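Chemist: One structure, pasted below without further comment.
The values are calculated or read from the model by the stated rules, or taken from the named source; none is laboratory data. Predicted model only: the values in this text are computed from it and were never measured. Here the Cβ positions follow ideal geometry from the backbone for every residue, glycine too, while neighbour counts run over all protein chains shown. With ligands, DNA and RNA removed, areas are computed over all heavy atoms of the protein, side chains included. Shrake-Rupley method; radii C 1.70, N 1.55, O 1.52, S 1.80 Å.
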Amino acid sequence: MRVVRTSLAAACLFMGAAGASAQTSEFRCPAAGTTFTYKAGERTSVHVASGQEGNACLVRATADGKTETVRLYWGLLGSVDAAGDSYARAIDLKSLWPLKVGNKTQQTVKAIGRDGKPYSSDVTLTVAAYEKVTVPAGTFDVFRVEEAKAGEPEKRTHWWAPSLAASVKESFPDWTDRTRLKVYELIAVKPATP
């Protein structure tokens, strides 16, 4: 398999910028078969777009020899289990779309945790900026979407590229050490073959 390193210009050629204008973008999922390779520290993960189910983009993610199906609600919040689904479905992500700087959703989320117990969390998602970001795969025009939870000092940040219909970078608190952030960056993308 040959992996293509790409820039925004090349990405626009094979993916098209459909659904995106100067500083707004409609929701869409990447074409099935598109392969994204991400790196966080020493960990590499390969995500293959496999379709769409309602408002969730479906991805087969492989890392550390394990493959699982990830549901990316509105292309932003990923879930691999019922607890994640409970959280993501409880947030009005639809109100952020079409993505536009200033769009915001704020609410109290009542969900079921991984321990099976109910919990409540005040969550705010904001489309904070439209900017360029450089990752190993190239430089992309992106919407920076910030996710903040009351009582947590660090935000989760998604840099979503309309040209790829995917995040090219994500930053979030390390669940094993809340004083550190994990940063995933796109290192390669291979378009779906027709």
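Chemist: Quote the FRET efficiency, to the nearest 0.05, computed for Thr179 versus Tyr119 with a Förster distance R0 of 22 Å and r equal to the Cβ-Cβ distance.
Modeler: 0.50
Chemist: Below 8 Å, C-alpha to C-alpha, sequence gap of six or more: please give me the relative contact order for the chain in percent.
Modeler: Averaging sequence separation for qualifying contacts and normalising by length gives 24 percent for the chain.
Chemist: Dipole size in debye (nearest 20) for the chain around its Cα centre, Lys and Arg Cβ +1, Asp and Glu Cβ -1?
Modeler: I would put it at about 220 debye.
Chemist: Leaving ligands, DNA and RNA out of it, rank Arg71, Arg60, Arg43 by accessible area with a 1.4 Å probe, largest first.
Modeler: Arg60, Arg43, Arg71
Chemist: While we're on this one: Give me the dipole magnitude in Debye, nearest 20, for segment 50-143 about the Cα centre, with unit charges on the beta carbon: positive for Lys and Arg, negative for Asp and Glu.
Modeler: Roughly 140 debye, rounded to the nearest 20.
Chemist: Continuing with this model, one more query. For Rg and Dmax of the Cα atoms in Å, which listed value, (1) 16.0, 47; (2) 29.8, 104; (3) 32.5, 119, comes from the coordinates shown?
Modeler: This structure yields the entry labelled (1).
Chemist: What FRET efficiency comes out for the pair Ala192/Glu131, r = Cβ-Cβ distance, R0 = 35 Å, nearest 0.05?
Modeler: Efficiency at R0 = 35 Å is approximately 0.85.
Chemist: Counting only protein chains, not ligands or nucleic acids, how are Glu146, Glu42 ordered by accessible area (probe 1.4 Å), most first?
Modeler: Output order, biggest surface exposure first: Glu42, Glu146.
Chemist: In segment 88-194, with Lys and Arg counted as +1 and Asp and Glu as -1 at Cβ, which of these residues, Trp175, Gly113, Trp159, has the Cα nearest the positive end of the dipole, that is, farthest along it?
Modeler: Gly113
Chemist: At q = 0.29 Å⁻¹, what is the base-10 log of I(q)/I(0) for segment 81-147 according to the Debye formula with one equal point scatterer per Cα and no solvent? Please give it to two decimals.
Modeler: Rounded to two decimals, the profile gives -1.15.
Chemist: Between Lys66 and Glu154, what is 0.36 nm times their sequence separation minus the Cα-Cα distance? Round to one decimal in nm.
Modeler: Numbers: separation 88, 0.36 × 88 = 31.68 nm, distance 2.81 nm.
This chain segment gains 28.9 nm when fully extended.
Chemist: Also, quick follow-up: Give the separation of the Cα centroids, segment 133-147 to segment 179-194, in Å.
Modeler: 10
Chemist: With a 1.4 Å probe and all protein chains kept in place, how much accessible area does Trp74 have, in Å² rounded to the nearest 10?
Modeler: Its heavy atoms expose roughly 40 Å² to the probe.
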